[in-house]
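Beneath this line is the structure, given in C-alpha cells, with notes to follow.
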Amino acid sequence: MKKSKYVAVAATAFTAFALTACGSHVSTTTAKGGSAGSSSEPLIYVIGYQTNNPFWDTEGKGATAAGKTFGVRVRYEAPSTASSTQMVTLIDAALSNHPYGIAIDYTGKTMESSVLKALNEGVKVVLYNNNRFGAANGGTTKNPTVTTLAFVGQNEHKSGAILATNFLKYLPSSGGTVLVVNPFPQASVLTLRYSGIQKVLTENGYKTKLLVASGNEPTNEQLIGSYLTAHPNIAGIVGLGDPASNPAAQYIHSHHLNIPIATFDISPHTYQLMKQVPEYKEALDQQPYLQAYMAVENLALEAKYGFEPVTVNTGTLVVTQKNLPLVGKLVKSGRD
C-alpha cells in the first residue's frame, strides 16, 4: 500500500449555495447552473449522506463553491434519509451520466463495489468525510485499490489525540476521571475518537469512564446529570459528538458546576453554548465545508492539469474561547 500524502490546502474562495430538493429521496445541486450534458466543463458528482441536516448542508455548500471556483460542473446529491444503501443507488445513477469524477462518503464496505465499478468505468474517485475503512456496514475494507484512494476528511484516532492533548491544560493536575459520552455507540468513528482520547489521557495519569447516551438531547442531559450526581468528582467531560457535549454543557451551566467540557464538531448550537458556558472549553472541528470543497478541488485539478489527488486531514482545528469569534463568522455564513 502506498503511503497517503498529507498536505495543507488553502480554500481560495467561498460562494453561496442553494439546496434544491428533487424528488422524495434525493436532493441535487448543480454548480454552474447547467444540466449534466450542457457544457464541456468536467462533470463531478459529490454523494453525501443525508439532506436537511446542517452538517451535510455545509458539505454541499463546500462542493458547490469549489465547482464555481475551479470551473467544473458539480452535482451534489444525497438521500433524504441517512442511508448507505440509498447512497449506492445515487452513485450508480451518477455513473450513468459518465462524469469525470465522483467524491464518495465511504461509510463502510457496502460502498466498495460501487467504488470499484466507478474506477472500472474510468471515473476518478476521491473519498471524503468518513473514516472509511472501519468494521462497519459489512466489514473492514482491505482492497488496496480502495484504501489507497485520496481521502479528504478527519483522521478520527489522530483527532481524538489532538483534542485530548489540548484538553489537558483544563484538567486538574492531580489527575482524576474524565467522563467520555458516546451518543452513537453504533458508529465506529466514535470508537476511534475514544481510543485516541483514552491513549493520551492514560499516558498523562487520567482515567476514563465511557457513558453511552443514545437518546435525544433532553434524555441525554438527564442521564449525564444523574451520572454526575452519583459521581461528583469527575475531572472533565468529553462528548464524542452530539447530542452529548451540548446537553452536558447545559447541565453544567444550569447547576453551576465547574467541570471543563470538550467536544467534536461545531454546529450553530455548539457555537452559542461555547459563547454562553465558560466551562465549554474546546471543540475539535473537522471542517465539513472544506471536506467537500477539497474533494472537488482534487478532482478538478486532476481533470484540468493532471495533478494527482492528495489526502488532506481536515480535522485539525481546535476551537477555543480565543478563536471562537473567527469560527463564529464561519458558522454565521453557513460554512461550519
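Which percent, nearest 5, of DSSP beta bridges in the chain are antiparallel? Present the calculation step by step, with values, prior to reporting the outcome.
Numbers: 11 of 49 bridges.
Restricted to the chain, the bridges split so that about 20 percent are antiparallel.
Looking at segment 156-285, send over the antiparallel percent of its DSSP beta bridges, to the nearest 5.
Values: 0 of 19 bridges.
So the antiparallel bridges amount to about 0 percent of the total.
Using per-residue counts of other Cβ atoms within 10 Å, averaged over each peptide, order 314-324, 205-215, 283-293, 175-185 from highest down.
Numbers: 314-324: 17.5, 205-215: 15.8, 283-293: 26.5, 175-185: 19.5.
Result, highest mean first: 283-293, 175-185, 314-324, 205-215.
Match the structure shown to one of the listed values (i) 21.1, 61; (ii) 20.3, 65; (iii) 19.2, 61 of Rg and Dmax of the Cα atoms in Å, computed from it, and give that label.
Label (ii) holds the value from this structure.
Just how large is the dipole of the chain about the Cα centre, in debye to the nearest 20, putting +1 at every Lys and Arg Cβ and -1 at every Asp and Glu Cβ?
On the way: 26 positive and 21 negative charges, 122 e Å.
So the magnitude is around 580 debye.
Can you tell me which of 118, 249, 65 moves the most in a GNM of the chain? Springs connect C-alpha atoms under 10 Å apart.
Evaluated over the chain, the most mobile residue of the options is 118.
Before rounding to the nearest 500, sum -39500 (n - 2.57) across all DSSP H runs of length at least 4 in the chain and divide by the residue total; then give [θ] at 222 nm in deg cm²/dmol.
-12000 deg cm²/dmol
Taking the chain as a Gaussian network, Cα atoms linked when under 10 Å apart, which of 168, 43, 201 shows the biggest mean-square fluctuation?
Largest GNM mean-square fluctuation: 168.
No lab work stands behind these numbers, since they all come straight from the coordinates. Since we're looking at a predicted model, the values are computed, not measured. Cβ coordinates were reconstructed from backbone atoms using ideal geometry, including for glycine residues, and neighbour counts include every protein chain displayed.
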